[in-house]
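Please read the structure below before turning to the comments.
The values are calculated or read from the model by the stated rules, or taken from the named source; none is laboratory data. Note that the structure is predicted; figures quoted are calculated from it, not measured. FYI the Cβ positions are ideal-geometry reconstructions off the backbone, even for glycines, and counts take in every protein chain you see.
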Amino acid sequence: MEYLKLSNQDNIATITIERPPANALSKGLLKELSFVLDEIEANREVRVVVIHGEGRFFSAGADIKEFTAVDSSEEFSDLGKFGQDLFDRMEKFPKPIIAAIHGAALGGGLELAMACHIRLVSETAKLGLPELQLGIIPGFAGTQRLPKYVGVSMAAEMMFTSEPITGLEAVQYGLANHAYPETEVLENAYKLARKITKKSPGALGAAIELLNYAKTEEFYEGTKREAELFGEVFASKDGKEGIQAFIEKRQPQFTGE
């Protein structure tokens with residue numbers, strides 16, 4: 001694998017994102033993640049999964065430069081659906097997944113973290129969905145999952161302003177379970193994972209399945225519409241301008257087209 005590292009020890013599988021400098025989520029990385037989940041699901045020894053990022057970030061978002069190679073709204077919608085399906089699989093995964101977040105979980109990085117069952121964060125981590133700053137929108141079910149955790153009003157503020165919240169605020173708003181000093185996040189993720197490994201795999205799988213009944217049909221309708229609008233907004237003139245401005249490190253000039 002090029003972007004991920006998988007290791008197994010004491011019934012715990014660790015997925016490490018290794019795509020410096022920002023651990024950006026490319027389509028290649030997401031395909032590797034799908035392959036890794038296949039391997040973990042088939043391994044009866046694994047009871048719990050921990051996912052974290054190598055270096056400065058958990059993941060600072062999707063690979064924006066990769067989007068410049070996509071032209072049509074249909075291609076963007078397909079990309080959104082691919083990410084949604086993968087993250088939906090994670091949320092329904094029969095083995096608990098713990099995200100150990102430090103540095104930043106932004107855009108697609110936060111969407112990945114929200115698909116995990118438990119989130120532990122560093123106190124100073126930055127979590128947010130800043131896509132509107134680029135003239136685009138989240139496309140991996142971020143518009144549907146974030147309100148589930150922080151409420152509609154707070155989700156609106158986070159998305160409309162593109163401003164992230166800290167790890168401490170994430171715990172306060174219900175987006176994360178616990179916050180720790182940055183050097184202690186992964187250690188505490190393993191501590192929690194070891195507690196969970198003592199539980200029955202069958203009971204854990206049943207609990208995860210039942211927790212997912214908290215979703216409603218409206219959630220699935222929302223993700224379907226999100227993928228459609230993800231394609232339309234990305235293919236718009238403002239979407240292209242926002243991406244180009246990001247690459248050129250300048251302020252975008254939006255016209256509403």
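Remark: pairs (first residue in segment 33-62, under 16 Å from Leu112 (Cβ atoms); second residue polar (S, T, N, Q) and part of a loop (DSSP other than H, G, I, E, B); Cβ separation under 6 Å; 6+ apart in sequence or on different chains) = Gly53/Asn23; Phe57/Asn23; Ser59/Asn23. Test Ile196 against the stated conditions and say whether it is touching a strand residue (DSSP E or B) at 6+ places or on another chain (Cβ under 6 Å), modelled with pLDDT of 85 or more and assigned to a helix (DSSP H, G or I). Answer is yes for this residue.
With the structure loaded, tell me whether Ala203 is surrounded by fewer than 18 Cβ atoms within 10 Å (Cβ to Cβ) and without any contact (Cβ under 8 Å) to a residue 24 or more places away in the chain or whether it fails that test. When the stated conditions are applied, Ala203 passes them.
Taking segment 130-155 as the range and being loosely packed, with under 15 Cβ neighbours inside 10 Å and within 18 Å of the chain's Cα centre (by Cα) as the test, only Gly151 passes. Every listed requirement among (1) surrounded by fewer than 17 Cβ atoms within 10 Å (Cβ to Cβ); (2) among the β-branched types (Val, Ile, Thr); (3) part of a helix (DSSP H, G or I); (4) touching a Leu at 6+ places or on another chain (Cβ under 9 Å) is met by Thr183 save one, (4). Annotation note: of Lys81, Lys65, the sole residue that is under 21 Å from Phe230 (Cα atoms), of a type in the set (Lys, Arg), modelled with pLDDT under 95 and buried (at least 16 other Cβ atoms within 10 Å of the Cβ) is Lys81. Residues in segment 211-257 that are in contact with a Ser or Thr (Cβ under 7 Å, 6 or more places away or on another chain) and among the basic types (Lys, Arg): Lys237 alone.
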